[in-house]
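Everything below concerns the one structure shown next.
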Amino acid sequence: MPHLKTAYTKYQNDPSVAFLLISIDEDAKRLQRYLDEMKFPFPVARAVAAQAEQAMGFDNIPATFYVDRSGIVRYQLGGIESHGDSPSRVSWFIDQLKSR
Amino acid sequence: MRSMQTLRVFTTCIVLVAATAAGQTPAREQLARGRAFWDQRLSKSAIAALEVAARDRATAAEAHELLGRIYIFKGWQQEATFPGWHDEPSYRARAIAELKAALAADPTRTSAQEALRMADAFAAADKVDPAPPRDEVKALDAKLESFRTAASAPVDDVVAAIDARAKAQADPAPYFTGAQILIDRGEHDRAIAIAERGVAVSDRFIDENLSAYQMSGKSEGSYARGRATAADLIGWARFLKNDYAGAAAKLDEAARLTEGQDFTNQFHLGELARAQNAPERAREHYLNALSLTGFSGGPPPLRQRATQALAALPRSGSEPSFDAWLEAELSRRREARKAAALKSLVDRPLPKLDVTTIDGRPYDTSSLRGKVLLLTFFASW
């Protein structure tokens, strides 16, 4: 998750881009401890794990979706090794969608 | 009066059904079975046996207490026990309920009082550390590991060490470690037999603890890893026996299960292809292996052997140097793997999903409309 904080610095003043983290934690205390530690500069919401997995069709976390201006998912990343979790990779996806 | 009788008949029926399901053994025996299963971390079987024992007045207090202790472990402490396991908060209230039931059955039971105090403290704590590794399991692991370098020890001692460790905790690790030790000693047939037993043990251990994985992707990954580890060990032992066809079947099976992303398995497939005089195929496997990096990148000595084997293979194309060619091939493979990870919801509208704020109020998503959005689902575990 720290890579999202780094990537976000590029877009924090850009009104056309939004980041949203959605936690599927069941244990609210543990989640709060994690958030206190991470101090994410963008919003964090919660969803029920089973509902989120079913609606979004992922079976492992983290699962990342890049959505374009018209609400269409354009990129989806999941799994472990291939997570694409470098800040430059995150901003590559976002810049692709911004330029559409 | 009549309804009272009906109720009693009904209760008797339930107890009979449960006793039949559990093999018609008396409560005391179920309690012992439950304890033994739990010692091996076979959770489902332990819970089933203890639930039967908890219905008999003679064993109720003991059985409820042990159920409570199991649920404490599952709820707060199981995180580091086995790869892929996470705490299950849904068991926390059940832990306290079982311990209260134990004390209802026997208010003087001090061990249940202690367990309940522990559960209450965990419930109030901000953070509970995972259970430390068990000393008896650690000692048996160390004993088995010591045979890696004890080349003169009798093979029967190695097998005995595998069995002793497997008896202490029912996970597949001793079978896989043991099979590797036996391969290193040239005991290929015994290695194959041990690895084959490891497959069934791995599947069962995951079945018995399925809810600890929390997500189907994690449990499926764990099943696949167990089966792939065994298939690779068996395939490699067959290769060393010069049974190339048999080796290919098993090494390919491991490659399917790991989606071609296990370093050792790809290296083994490279060695097999080279022995079979198939340089093209050997090159693909060595390159696949070397394109894996970081945690899945394999140990440096094996990486070096793969690189040397690759350099010795005849090469097509007119690249200026081996190093430049290798770098281009590896980065092409890494990019292809990243592209393959993009999937499923792509080009479809973002589905509707109920989302709340951290403290449980509905989350207003209207401010996100019309923006480029990055959405990441995560958990703190």
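Data table
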{"quantity": "Test set (1) more than 7 Å from chain B (Cβ to nearest Cβ); (2) closer than 21 Å to residue B:125 by Cα - residue A:54 fails condition number", "calculated": "(2)"}
{"quantity": "Residue within the range A:70-80 that is in a strand (DSSP E or B), facing chain B (nearest Cβ under 7 Å) and among the aromatic types (Phe, Trp, Tyr) present", "calculated": "yes"}
{"quantity": "Options B:237, B:231, B:193; residue that is surrounded by fewer than 19 Cβ atoms within 10 Å (Cβ to Cβ) and modelled with pLDDT of 95 or more", "calculated": "B:193"}
{"quantity": "Qualifying position, being touching a Gly at 6+ places or on another chain (Cβ under 8 Å), farther than 30 Å from residue B:219 by Cα and modelled with pLDDT of 95 or more, among B:144, B:116, B:103, B:66", "calculated": "B:116"}
{"quantity": "Among the residues listed as B:312, B:379, the single one being more than 7 Å from chain A (Cβ to nearest Cβ) and modelled with pLDDT of 85 or more", "calculated": "B:312"}
{"quantity": "Selection within the range B:61-92 - away from chain A (no Cβ under 12 Å), more than 25 Å from residue B:225 (Cα to Cα) and out of contact with any Asp or Glu (no Cβ under 8 Å at 6 or more places or on another chain)", "calculated": "B:62, B:66, B:69, B:70, B:72"}
{"quantity": "Evaluation of residue A:96 against (1) within 23 Å of residue B:331 (Cβ to Cβ); (2) in a strand (DSSP E or B) (one fails), failing number", "calculated": "(2)"}
{"quantity": "Residue satisfying all of: in the range A:34-51; facing another protein chain (nearest Cβ under 8 Å) and part of a helix (DSSP H, G or I); surrounded by the fewest Cβ atoms within 10 Å (Cβ to Cβ) among these", "calculated": "A:51"}
{"quantity": "Which listed residue, of B:49, B:61, B:36, is buried (at least 19 other Cβ atoms within 10 Å of the Cβ), at pLDDT 95 or above and over 17 Å from residue B:115 (Cα atoms)", "calculated": "B:49"}
{"quantity": "Hey, residue B:175 surrounded by fewer than 21 Cβ atoms within 10 Å (Cβ to Cβ) and among the hydroxyl-bearing types (Ser, Thr, Tyr) or not", "calculated": "no"}
{"quantity": "Out of B:230, B:237, sole residue that is more than 23 Å from residue B:335 (Cβ to Cβ) and either within 19 Å of the chain's Cα centre (by Cα) or not assigned by TED's automatic domain parsing to the domain that holds residue B:179 (or both)", "calculated": "B:230"}
{"quantity": "Residues that are modelled with pLDDT of 85 or more and in contact with a helix residue (DSSP H, G or I) (Cβ under 7 Å, 6 or more places away or on another chain), drawn from the range A:66-98", "calculated": "A:66, A:68, A:74, A:75, A:90, A:91"}
{"quantity": "Candidates B:370, B:317, filtered to the one that is modelled with pLDDT under 90, on the phi > 0 side of the Ramachandran plot and assigned to a loop (DSSP other than H, G, I, E, B)", "calculated": "B:317"}
{"quantity": "Lone unmet requirement of (1) in contact with a Lys or Arg (Cβ under 9 Å, 6 or more places away or on another chain); (2) within 14 Å of chain A (Cβ to nearest Cβ); (3) of a type in the set (S, T, N, Q); (4) not in a loop (DSSP other than H, G, I, E, B) for residue B:261", "calculated": "(4)"}
{"quantity": "Those residues of the range B:289-302 which are surrounded by 16 or more Cβ atoms within 10 Å (Cβ to Cβ), within 13 Å of chain A (Cβ to nearest Cβ) and part of a helix (DSSP H, G or I), in sequence order", "calculated": "B:291"}
{"quantity": "Residue that is nearest to the other protein chains (Cβ to nearest Cβ), among those in the range B:142-169 that are in contact with a Lys or Arg (Cβ under 6 Å, 6 or more places away or on another chain) and free of Cβ contacts under 8 Å to residues at least 60 places away in the same chain", "calculated": "B:144"}
{"quantity": "Unique residue being touching a strand residue (DSSP E or B) at 6+ places or on another chain (Cβ under 7 Å), within 7 Å of chain B (Cβ to nearest Cβ), assigned to a helix (DSSP H, G or I) and in contact (Cβ under 8 Å) with a residue 24 or more places away in the chain when the list is A:4, A:21, A:31", "calculated": "A:4"}
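The values are calculated or read from the model by the stated rules, or taken from the named source; none is laboratory data. Keep in mind that this is a model prediction, so the values were computed, not measured. Quick reminder, even Gly has a Cβ in these numbers, built from the backbone with ideal geometry, and neighbours come from all protein chains shown.
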